[in-house]
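Only one structure is covered here, and it is reproduced in the block below.
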Amino acid sequence: MKQSRKLPKRKCHLCGSEFEKLRPLQIVCSPACAIALNKQNREAANKKHKRQQSGENAQ
């Protein structure tokens with residue numbers, strides 16, 4: 001029988017609470033934090049894109 005490796009406890013990137021990872025690339029503790037983090041990342045990407053567009057228009 002294959003033993004599963006125990007992953008270390010981590011802190012959530014959004015709320016800071018400690019959680020036990022279920023997957024190796026997991027960075028948030030819950031689906032609610034994942035949705036909120038995704039929204040933050042999307043807003044930052046939109047802001048960066050708008051900044052780049054305004055820079056291209058000025059030249």
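Brief remarks follow.
- Averaging 1/r across all pairs of distinct Cα atoms in the stretch 1-51 and inverting the result yields a Kirkwood radius of 12.6 Å.
- Less than 5 angstrom separates the built amide H of L14 from those of C29, all sequence-distant by 5 or more or on a different chain.
- Under the combined filter of DSSP loop state and at most 16 neighbouring Cβ atoms within 10 Å, the chain retains these trypsin sites (Lys or Arg not before Pro): K2, R5, K6, K21.
- On Cα atoms only, tilt of 31-58 relative to the major axis of the chain in degrees: 20 degrees
- Pairs of Lys residues in the chain are counted when their Cα atoms are under 20 angstrom apart and they lie 8 or more places apart or on different chains; the count is 8.
Quick note: the coordinates plus some simple rules give every number you see, no bench work behind them. Keep in mind it's a predicted model, so treat the numbers as computed, not measured. So basically every Cβ, Gly included, is an ideal-geometry build from the backbone, and we count neighbours across all protein chains shown.
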